[in-house]
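Note sheet for the following structure.
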Amino acid sequence: MATLTLVNPSVKVSGAGYRYSRYKIASGASWTAGQFVRLNSAGLLVAYVADDTLITGIALETVTDPGNNTTTADIFVLASDTELEGQIYHVTPASALADQTVLGLVCDLWVASNVVSLDIAGSNNISAQITKLLSDINPTENSTADLYGRVRFKIISSVLEADAPA
């Protein structure tokens, strides 16, 4: 058993192929590479925060806008068939296990210190479904006893940015 450090999810499989887009970012917005992002009501990118209702994609670069709405950023646009690799979160670390009980679970996305993980106890904004356990894919590097264990998941289609321009 190991206590893993939480890191942002990464893209593992995308059935529709990789789709990258460049968007202007909102005045003063900032994020780190790998963080989830979304479009605001003005069509500008902002960092995804806990309990947001939509997700557009994953930031491909660390960005800080100087406050003029002219900076652009490249993102990987998420689709319903995009499979991501991420980690389990629970307010009680001993319960943040990636074991058979979480397989198929739909859960919240937890955001802390610009890192997104899967909150298996959250129910405020159901955003993702766990599809595979990494202990089944690579048991030499992943264990069901790891705290903040690793899984594969998909963002459910109802929270993907429906009106994202191409």
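Annotations
- Screening the candidates Gly43, Gly34 for the property of being modelled with pLDDT of 85 or more, surrounded by 15 or more Cβ atoms within 10 Å (Cβ to Cβ) and on the phi > 0 side of the Ramachandran plot yields one hit, Gly34.
- Within the range 134-145, considering residues that are touching a helix residue (DSSP H, G or I) at 6+ places or on another chain (Cβ under 8 Å) and in contact (Cβ under 8 Å) with a residue 40 or more places away in the chain, the one nearest to Ile120 (Cα to Cα): Thr144
- With a requirement of 2 or more residues that are farther than 17 Å from Leu109 by Cα, the strands (runs of 3 or more DSSP E) lying completely within the range 1-53 that satisfy it span 10-14, 20-24.
Yes/no matrix, rows are residues, columns are (1) touching a residue at least 24 places away in the same chain (Cβ under 8 Å); (2) among the hydrophobic types (A, V, I, L, M, F, W, C); (3) more than 18 Å from Val115 (Cβ to Cβ):
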position	(1), (2), (3)
Arg38	yes, no, no
Glu61	yes, no, no
Ile75	yes, yes, no
Glu83	yes, no, yes
Pro93	yes, no, no
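- Candidates Ser158, Ser127, Ser113 - the one that is within 12 Å of the chain's Cα centre (by Cα), modelled with pLDDT under 95 and not β-branched (Val, Ile, Thr): Ser127
The values are calculated or read from the model by the stated rules, or taken from the named source; none is laboratory data. For clarity, every value in this text was computed on a predicted model and none was experimentally measured. All Cβ positions, even for glycine, are placed from backbone atoms using ideal geometry, and neighbour counts span all protein chains on display.
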